[in-house]
Amino acid sequence: METISKASNFIDLELDNGAHDYHPIPVVLERGEGVYLWDVDGKKYFDFLSAYSAVNQGHCHPRIVNALKNQAKTLTLTSRAFHNNKLGSYMKYVTDYFNFERLLPSNTGAEAVEAAIKITRKWGYTVKGIPENKAEIIVCSQNFHGRTSTIISFSSDPGSKSNFGPHAQGFITIPYNDIEALEAVLETHPHVAGFLVEPIQGEAGVYTPDEDFIKKAKALCSEFNVLLMADEIQTGIGRTGSLLAVCGTCSCEGHCQQQPDTYTRPDVLILGKAISGGAYPVSAVLCDSEIMDVIQPGQHGSTFGGNPMACSVAMEALEVIRDEKLTQNARRLGKLFRAEMQAYIDQSSIVLKVRGRGLLNAIVINDSEDSKTAWNICLKLMENGLLAKPTHGNIIRFAPPLIMTEEQLRECIVIIISTLKSFE
């Protein structure tokens with residue numbers, strides 16, 4: 001007798017009662033542990049998206065869950081109208097961890113990007129001396145920094161931007177990974193306050209720039225007195241095999257800022273996602289005092305930003321990254337994954353290339369962006385026990401939790417290659 005899936009009931013509830021703002025893979029998940037997820041019918045999957053790199057530490061990591069539970073029993077929210085006994089410790093811990101002087105706490109990635117834009121503009125006016133309402137920020141084409149009304153104003157994605165205007169002004173778009181274009185804008189636009197950039201463009205299909213792109217961009221920003229704003233919401237906290245993607249390909253055992261030939265220190269660092277291990281919404285903007293101190297009381301704020309639960313969870317989540325050497329594991333397994341995939345691609349007609357760094361990788365399917373091949377491959381992967389999702393039509397992103405073992409990764413590679421072979 002054929003078993004009837006419970007999934008359709010849950011999917012129908014969403015379709016009938018919710019906004020149709022996503023097009024998910026048709027699986028309904030109810031439990032997660034480590035690198036695994038289970039659906040409502042009890043089927044087990046490898047997670048190869050990690051909630052867009054939010055669960056680098058794995059699903060329901062016991063240390064992170066315990067930190068959340070213990071704090072939830074004591075104090076959850078005070079607002080910033082009062083001090084709490086966790087925020088200061090959190091601020092010191094994170095600023096020491098990433099070697100910055102100050103932290104502005106927030107909740108979501110897009111909220112942190114918005115805050116970084118405000119800080120940069122205020123710095124431009126009060127420190128650099130840009131005339132009021134003339135500040136400009138350089139961004140890259142194919143960027144993804146969130147979906148607030150300001151951020152979509154400089155998006156290249158018509159679906160994110162069309163019919164949501166009028167759009168915010170003050171942004172200049174250049175091609176990604178194009179130092180000459182950046183220099184040309186800086187030379188001709190004296191009112192630029194910042195350059196907002198993803199060290200690797202995740203949503204664009206794990207577009208990995210030249211190794212010296214960020215380093216050269218920082219040098220230009222310093223020359224023209226412009227703030228380099230690094231959006232590490234998806235790429236940071238171990239995902240790319242370095243603590244931050246701006247660390248490049250450094251092979252140190254932690255933060256590599258002692259290696260200036262490799263590490264590029266941004267002026268403004270934007271973090272989110274894995275800073276909480278996916279257990280709670282946490283994001284942050286970090287910079288030094290000379291930049292952050294342009295924000296004074298009443299000029300920015302967040303009711304939930306810096307709440308005790310967020311602080312406790314984030315500190316434990318970062319401790320897990322360090323204690324379990326997840327950055328190093330991502331570096332090692334990422335090299336293995338790309339090597340195995342390339343060996344397959346060398347004789348494949350369905351896959352054109354693999355790219356990435358650490359455990360943030362993608363394959364480019366040999367079809368047009370408007371085809372359904374990548375989507376159908378992901379449906380087949382789901383059937384075979386592995387969850388991934390296309391981006392930009394013909395690209396499939398692969399980003400498992402950083403706690404994955406080599407044995408588990410090799411099992412996943414077999415699933416991926418055998419699935420791809422069925423489409424050759």
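Before moving on, here are some points about what is shown:
- Choice from LEU352, LEU68, LEU13 with maximal GNM fluctuation in the chain (Cα, 10 Å cutoff): LEU13
- Only one residue of HIS20, PRO308, SER5 has its Cα farthest out toward the positive end of the dipole of the chain, where Lys and Arg carry +1 and Asp and Glu -1 on Cβ, and that residue is PRO308.
- The phi-based Karplus calculation (6.51 cos²θ - 1.76 cosθ + 1.60; θ = phi - 60°) puts the 3J(HN,Hα) values of the stretch 348-354 at 9, 10, 9, 10, 8, 7, 10 Hz, whole numbers, x for Gly and Pro.
- Backbone amide hydrogens, once placed in the peptide plane, bring PHE398 within less than 5 Å of ASN361, ALA362, ILE363, excluding anything fewer than 5 places away on its chain.
- Shape of the stretch 63-323, Cα gyration tensor, a/c cut at 1.5: prolate
- Span from the the stretch 312-384 Cα centroid across to the the stretch 194-232 one, whole angstrom: 22 Å
- For the chain, the relative contact order comes to 23 percent (Cα pairs under 8 Å, sequence separation of at least 6).
- Other residues lying with their Cβ under 10 Å from the Cβ of ALA193 contribute a combined charge of +3, Lys and Arg counting +1, Asp and Glu -1.
- Residue among ILE11, ILE233, ILE130 with the largest mean-square fluctuation in a Gaussian network model of the chain, springs linking Cα atoms under 10 Å: ILE11
- Dipole check for the chain: with +1 at the C-beta of Lys and Arg, -1 at the C-beta of Asp and Glu, and the Cα centre as origin, the magnitude is about 760 Debye.
- Global form of the stretch 143-251, assessed from the alpha-carbon gyration tensor, a/c cut-off 1.5: oblate
- Against the rule of thumb 2.2 N^0.38 Å, how large the Cα Rg of the stretch 109-204 comes out: 1.05
- DSSP bridge orientation in the stretch 63-323 - percent antiparallel, rounded to nearest 5: 40 percent
Since every read-out is calculated from the coordinates, none of them should be taken as a lab result. Fair warning: this is a prediction, and the values are worked out from it, not measured in the lab. For neighbour counting, all protein chains shown are included, and Cβ atoms are generated from backbone atoms with ideal geometry for every residue, glycine included.
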